[in-house]
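Below is one structure, written out as C-alpha cells; comments come after it.
The values are calculated or read from the model by the stated rules, or taken from the named source; none is laboratory data. Because the structure is predicted, anything quoted here is derived from the model rather than measured. Positions of Cβ are backbone-derived with ideal geometry, glycine not excepted, and every protein chain shown enters the neighbour counts. Side chains included, ligands, DNA and RNA excluded: accessible areas come from the protein's heavy atoms. Shrake-Rupley method; radii C 1.70, N 1.55, O 1.52, S 1.80 Å.
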Amino acid sequence: MGVTCVYSYPVPDGKSGQAVVEILQRQIELLGALRSGHFCVDCDTFQSILQTSINVQPKTVYILHNSEQPASCFAITDTSLCLTADTLFDGLMHQLKNYYQQRKNAKMEAKGQRYELGDFILKVGSASLAGSFKGIIVEVEYCPCMVAVDCWGLMKELLQSVVGSVADQPPPILKNRQDELYSPSITVSQYLDIFNNFRKLSATNQIGR
Amino acid sequence: METESKLKSTLDQIEHINQAIRHTQRLRTHVCQIFRDIGDGLGEAAKSEEEQQAQERQKVLLGSLRSSLETVGHDIGELDKVGQTLVPVSPSANCDHVSLDPILDRTPLYSQVNTSYKRTNKMHEFASLAANILSQNALKRSPHQHPAGGKRVKRHMNTASMVPQAVVDQLVATLDRQHQDMRITVSRPLGSCAVMQMVLGRVLKAQVVLRGLVIEWVKVKGINEEFSTENGKVDIWSKSRYEVFQKISDHAAAAMLHYYAPFMPDIGIRSFTLWLQGYSNLFSAPCHKCGKYLQNAMPPTWRDLRNRDPYHDGCRQ
C-alpha cells in the first residue's frame, strides 16, 4: 500500500482496445516486470429514492471494491466523501434498499493483468460499463512511499517509460491530496473519477448519435 | 693455477709414501736375512767338517753378515730421509679428495660454491640495510596506537560499551532535539542494551541496537511497517518487505562500521544519525551522478558517507 497513480490510456483511432492493452503489457514486460496474477476494481452505483422536494437531485453513493484490498469495501458519496469499511457493508446497502436503490446496468469494472517490478506494482487492464468496453486503465503503485509529493519524480520516470506523455501531470484527485499520507481510498477515488469520465463520455456519445 | 700446484705436491707426496713403503719392505727382508744367517750359525758345520773349512765358512758368514748389516744401515738411512719429506695429512682431507677428482674440470662445483657464497654475502648486506631502514620508519597502523599504549586501547574499548544508562538516554535526548525531522525514542527490552527507534519524517523508520555507546545492529523499514511482533515485543530481526529498505539496511550496516569510533563513541552515534538523516529525500532526490530517479526500479539508495549526496547503488564510486 503506497502511492498510486491511475490513468486512462487513450485508444488511438483504428486500433482495438485489446491490441493496445497487449502493446502496453509487452512494454511493461520489457522493463523487467514479472506477472503476478490479475486485478479487478468494480463500482456499483446506488441512488436515493426518497426525495424531499422535486428540485433536489437524487443523491448517489458509489460502492467500490479493489482486489488489492480484498477485505474492504469503499463507499464514496457525491461530495467525494469516502468511507472505508468491511465487505459486510455490501449487505448493509442491500438492507437499505428502501432508501438507496442500485442503478441498473451501471456497474463498471476494470480488469486486467497485474505486474511486479521491484517495489512497484503495475496494472494494465480494460474498463467496461455493463460488459461493454469503455477504455484502458493503467495503474502504477510505488509501495514503500506514503507521500505523493515525495515520489512523484520517480513515479513520473517509470510512468513515462510505459504510457509516455499521458503521465505528464499527476492524476487530478492525487494532485489535490499530494501532501497527505496516502491511503487506499485515494486510489479508489481515482478509479471512480475515471469511471465517471467514461460514463460521461458514453452518455455524450449516445446523445451525439 | 692453485689447484695445479696442489695436485703436483699431492702427487709428490704419494711418490714419497711409495718410496717409504718400498724402503721399509727392503729393510725388513734384509733384517730377516741377518736373523736367518745368525740363526743358522756354525754349530753343526764345526763338528762334521774340517777346521780349515770351518774357518773359511766362518769368514764367509761373517762377511755376508757385515754386508747385510751395512745394507740395513743404508736402508735405515734412506727410510729416515724419505720419512722427513712426508708431511702429516691435513684434517680437511675431503677437500683434497675433491681436488683429486679426475673429472674435476667437468664438475661446476667450484663456480657454484663461489656464486652461492657471493649471494649469501649480498643477502646479508641487503638484510642489514633493510633492517636499518625499517627501524627508522616504524609502521603505525593508527595515529592513536603507540608502543606503550596497548593497555590503554583496551581500556578505552571497554568504556565505550560500558556506559551508564543515563548517559545513553541523555545522548539520545540531545540527538532528538538536534534533528527536527527525526523522532528518536529509546527503550530497553533486552536488559541494559538500549534500542533506539528512529522515525525519519514520513520516509522511513530505523531501529538501532546499542551496546553502551557502540552501535551493534541496524534495521531500516518503511514508514508503514512495524518493529514489533504480533504480541507487542520488539522485533530486531525481521527485514522490511520492500526492496528499497532492505538495501538501505545493508547500507546502514556498512555506515555503522564506517562510523565506528571506539575512542569517541558518541561521535560515532552522532555522525551515523546525521548520515541517516540524509535519507529524508530518499524518494524525491535524483542520483547525483546519472541525474535520474530510478535504476533497476530503485531510487538512489546510497548516501555518500561524507556529504550525504544521493547515489544509486550502481553509480557510487
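Numerical summary
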quantity: Per-peptide average of other Cβ atoms within 10 Å, ordering B:52-60, B:306-314, A:38-46 highest first; calculated: A:38-46, B:306-314, B:52-60
quantity: Residue-wise HN-Hα coupling along region A:79-89, computed from phi with Karplus coefficients 6.51, -1.76, 1.60 (Hz; x: Gly, Pro); calculated: 7, 6, 7, 10, 10, 9, 9, 5, 5, 4, 4
quantity: Shape of region B:205-246, Cα gyration tensor, a/c cut at 1.5; calculated: oblate
quantity: ³J(HN,Hα), Karplus 6.51/-1.76/1.60, whole Hz, each residue of region B:260-274, x for Gly, Pro; calculated: 4, 9, x, 7, 10, x, 5, 4, x, 5, 4, 5, 5, 5, 4
quantity: Low-density loop positions, trypsin sites (Lys or Arg not before Pro), region B:190-298 - DSSP coil, at most 11 other Cβ in 10 Å; calculated: B:K233
quantity: Spin-label model distance (nm) - A:D86 vs B:V167, 7 Å beyond Cα toward Cβ; calculated: 5.4
quantity: Per residue, in Å², the accessible surface of chain A once ligands and nucleic acids are set aside, probe 1.4 Å; calculated: 50
quantity: Interface size B-A, as summed buried accessible area [1.4 Å probe, Å², nearest 100]; calculated: 1600
quantity: Cα shape, region B:2-86, gyration tensor, a/c 1.5 rule; calculated: prolate
quantity: Chain-alone versus full-assembly comparison, region A:141-164, residues with accessible loss of at least 40 Å² (1.4 Å probe); calculated: A:Y142, A:P144, A:M146, A:D150, A:L154, A:E157
quantity: Within 10 Å of each Cβ in B:292-302, the average number of Cβ atoms from other chains; calculated: 5
quantity: Rounded to the nearest 20 debye, dipole of the protein assembly as shown from Cβ charges on Lys, Arg, Asp, Glu; calculated: 2740
quantity: Point-charge dipole on Cβ atoms (K/R +1, D/E -1) for region A:90-206, about Cα centre, debye to 20; calculated: 840
quantity: For B:A194, distant residues with modelled amide H under 5 Å away; calculated: B:L210, B:G212
quantity: Part-to-part distance (alpha-carbon centres) for region A:60-122 and region B:281-309, which is given in Å; calculated: 37
quantity: Extension gain (nm, one decimal) between B:N114 and B:Q136, 0.36 nm per residue minus Cα-Cα; calculated: 4.5 nm
quantity: Point-charge dipole on Cβ atoms (K/R +1, D/E -1) for region B:155-303, about Cα centre, debye to 20; calculated: 260
quantity: Peptide-level mean, for B:281-288, of C-beta atoms on other protein chains within 10 Å; calculated: 4
quantity: For chain A, built as a Gaussian network whose Cα springs stay under 10 Å, the top-fluctuating residue of A:K59, A:K111, A:K156; calculated: A:K59
quantity: Segment B:T85-B:S238, length gained on full extension (0.36 nm per residue, minus Cα span); calculated: 45.0 nm
quantity: Cα gyration tensor shape for the protein assembly as shown, rounded if a/c is under 1.5, else prolate or oblate; calculated: prolate
quantity: Structure-based [θ]222 nm, chain A - -39500 (n - 2.57) summed over DSSP H runs of at least 4, per residue, nearest 500; calculated: -10500 deg cm²/dmol
quantity: Heavy-atom accessible surface of the protein assembly as shown: percent carbon and sulfur, 1.4 Å; calculated: 54
quantity: Accessible solvent surface per residue of region B:228-317, calculated while the other protein chains remain in place, 1.4 angstrom probe, Å²; calculated: 52
quantity: R0 of 45 Å, Cβ-Cβ distance B:H258-A:S165: FRET efficiency to nearest 0.05; calculated: 0.55
quantity: Per residue accessible area of region B:2-86, 1.4 Å probe, in Å²; calculated: 81
quantity: Modelled FRET efficiency - R0 22 Å, B:L7 with B:R106, Cβ distances, 0.05 increments; calculated: 0.90
quantity: Number of partner chain Cβ atoms within 10 Å, mean per residue of B:243-249; calculated: 2
quantity: Calculated FRET efficiency for the pair A:N176/B:N231, C-beta based, R₀ 35 Å, to 0.05; calculated: 0.30
quantity: Vicinal HN-Hα couplings computed from phi for region A:133-149 (Karplus, 6.51 cos²θ - 1.76 cosθ + 1.60; Hz; Gly/Pro x); calculated: 5, 10, x, 10, 10, 10, 10, 10, 10, 10, 5, x, 9, 10, 10, 5, 5
quantity: Separation of the A:T60 and B:R26 label points, Cα + 7 Å toward Cβ, nm; calculated: 15.3
